[in-house]
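In what follows, a structure is listed as structure tokens, so that the remarks can point back to it.
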Amino acid sequence: MSEEYRILKFSSEDIPQRDRLEYMREVYGRAIIKHDIEPFADHPLRCGGELRTVPGLGLAAMASSAVRTLRTPAQVESDDLVFSISLAGGRTLRQLGREVSAGPGEALLSTSAAAGICDIHPDSRWLSIRMPFSALAPTLADLDAALRRPIPAGMPALSLLVSYLAAVQETNVLAQVEARHLVVTHIHDLVALTIGAPRDVAAAAAGRGLQSARLGAVKADIAANLGMRELSLATVAQRQGISTGYVRKLFERDGTSFSDYVLDQRLTQAHRLLTDPRWRDRRISAIVFEVGFGDLSYFNRSFRRRYGASPSELREQAFGSP
């Protein structure tokens, strides 16, 4: 894996309660982001998450009990911007002489260039995106205004951003060198659109990223529900909050169709399981139904057309005669 891509998973549950605070101060409050951590009284410290970093982007998915984080002037080390999306619970940020709060589904923009205090509400879950100021500076008409207000829940650009981040996490696409720059650009664009970029910048960002981001979210939905036989264009479109016609157009622009893409993904998954030693003792029919096919003969025809061999022949090539 490229040295430019790093992923770190951590959890206070792995540490005895008496040692958790020091652990979190060292691991999260020093190595990940420079600030101090103080748990609130009557709220035993719990914190965990997953952090992905590549040049130009840090992406964290976090969960925590009620804590206060403090960044002192001495801990300011960059002018990065941090865009935090509350999935549950919330937060109250005091920075640059102002106070702003975000509840479930809402988002806040903060700056690493200033000291501040953030109170994380009990049982909170959130996503944080850390970006160089230079990546968003051309898109920010008024940084001061953006730092003063929460982004409301349900805003279309924010919903799309959350869906896209879910796809990035589920597919681990940042590990792919050839896709990394495009993914980082899409995330920057979607943050800019969510914050409220000027019209000309928003148009450029939309042209580059919105359709690709939406398609990524649709593909992530398909991957998560591939084994469901009732998986259909209509059900995916409904879950994504878009029309079936729009989903069709997204795949047409990608040079394929919804049904062809689903078939391709199911065949790929079937091939993977048929050649996986951990699935060697499973019947072929069980694997076929596991990946969402409901018709064994249709699967066999499609599989041979794709791979030039039957499922049993592929298994024999992989493991030898039974």
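Report, in deg cm²/dmol and to the nearest 500, the calculated mean residue ellipticity at 222 nm for the chain, where each DSSP H run with n ≥ 4 adds -39500 (n - 2.57) and the sum is divided by the residue count.
-13000 deg cm²/dmol
Report the charge-dipole magnitude of the chain in Debye, nearest 20, computed about the Cα centre from +1 at each Lys and Arg Cβ and -1 at each Asp and Glu Cβ.
Roughly 700 debye, rounded to the nearest 20.
So between Leu96 and Met228, what do we pick up on full extension, going 0.36 nm a residue minus the alpha carbon distance?
Between Leu96 and Met228, full extension yields an extra 42.5 nm.
Alpha carbon centre of the range 209-253 versus the range 110-126: separation in Å?
33 Å
Hey, if you put +1 on the Cβ of every Lys and Arg and -1 on every Asp and Glu Cβ in the chain, which of Gln265, Gln211, Leu87 ends up farthest toward the positive end of that dipole?
Most positive-ward Cα: Gln265.
Write down the percent of antiparallel bridges among all DSSP beta bridges whose residues are both part of the range 63-190, to the nearest 5.
Details: 30 of 30 bridges.
Here the antiparallel bridges make up roughly 100 percent for the range 63-190.
Give the carbon-plus-sulfur fraction of the accessible surface of the range 43-198 in %, rounded to a whole number; probe 1.4 Å, heavy atoms of protein chains only.
For the range 43-198, the apolar C and S fraction of the accessible surface comes to 59 percent.
Please tell me the relative contact order of the chain in percent, rounded to the nearest whole number, where contacts are Cα pairs under 8 Å and at least six residues apart. Spell out each step's value before the answer.
Values: 515 pairs, mean separation 36.5, N = 322.
Relative contact order here is 11 percent.
Using only Cα atoms, find the angle between the long axis of helix 258-274 and the longest principal axis of the chain, and express it within 0 to 90 degrees, rounded to the nearest 10.
Helix 258-274 sits roughly 80 degrees off the main axis of the chain.
Excluding Ile287 itself, calculate the net charge of residues whose Cβ lies under 12 Å from the Cβ of Ile287, where each Lys or Arg counts +1 and each Asp or Glu counts -1.
On the way: positive: Arg266, Arg272, Arg278, Arg280, Arg282, Arg283, Arg315; negative: Asp276, Asp281, Glu290.
Counting the neighbours of Ile287, the net charge comes to +4.
With a 1.4 Å probe and all protein chains left in place, how much accessible area per residue does the chain have, in Å²?
Result: 49 Å² per residue.
Sort 223-230, 270-277, 161-168 by the packing proxy (mean of other Cβ within 10 Å over each peptide's residues), most packed first.
161-168, 270-277, 223-230
In the neighborhood of Asp80, defined by Cβ-to-Cβ distances under 14 Å, what is the net charge if each Lys or Arg adds +1 and each Asp or Glu adds -1?
Net of charged neighbours comes to +1.
Here are several values of Cα extents along the principal axes in Å: (1) 63, 46, 34; (2) 69, 52, 34; (3) 95, 46, 28. Which one was derived from the coordinates shown?
Given (1) 63, 46, 34; (2) 69, 52, 34; (3) 95, 46, 28, the calculated one carries the label (2).
In the chain, if the dipole is taken from +1 on Lys/Arg beta carbons and -1 on Asp/Glu beta carbons about the Cα centre, which of Leu158, Leu136, Thr53 is farthest to the positive end?
Going by the charge dipole, the pick is Leu158.
Helix 211-224 versus the longest principal axis of the chain: what is the Cα-based angle in degrees, 0 to 90, to the nearest 10?
Compared with the principal axis, the helix lies near 60 degrees.
What number, in percent, do you get for the relative contact order of the range 40-108 if the mean sequence gap of Cα pairs under 8 Å and at least 6 apart is divided by its residue count? Don't skip to the end; give the middle numbers.
Values: 74 pairs, mean separation 15.1, N = 69.
This gives 22 percent for the range 40-108.
From the phi angles alone, apply the Karplus equation (6.51, -1.76, 1.60; θ = phi - 60°) to the range 125-134 and give each ³J(HN,Hα) in whole Hz, x where the residue is Gly or Pro.
10, 7, 10, 10, 10, 10, 9, x, 4, 4
Taking the Cβ of Ser112 as the centre, find all other residues whose Cβ is under 14 Å away and add up their charges (Lys, Arg: +1; Asp, Glu: -1).
Working: positive: Lys34, Arg71, Arg130; negative: Glu77, Asp79, Asp80.
Net charge in that neighbourhood comes out at 0.
The values are calculated or read from the model by the stated rules, or taken from the named source; none is laboratory data. Values in this document were obtained by computation on a predicted structure and should not be read as measured data. Here the Cβ is made from the backbone with ideal geometry for all residues, glycine too, and neighbour counts use every protein chain on show. For the accessible areas, the whole protein counts, side chains as well, though only heavy atoms, and no ligand, DNA or RNA atoms are used. Shrake-Rupley method; radii C 1.70, N 1.55, O 1.52, S 1.80 Å.
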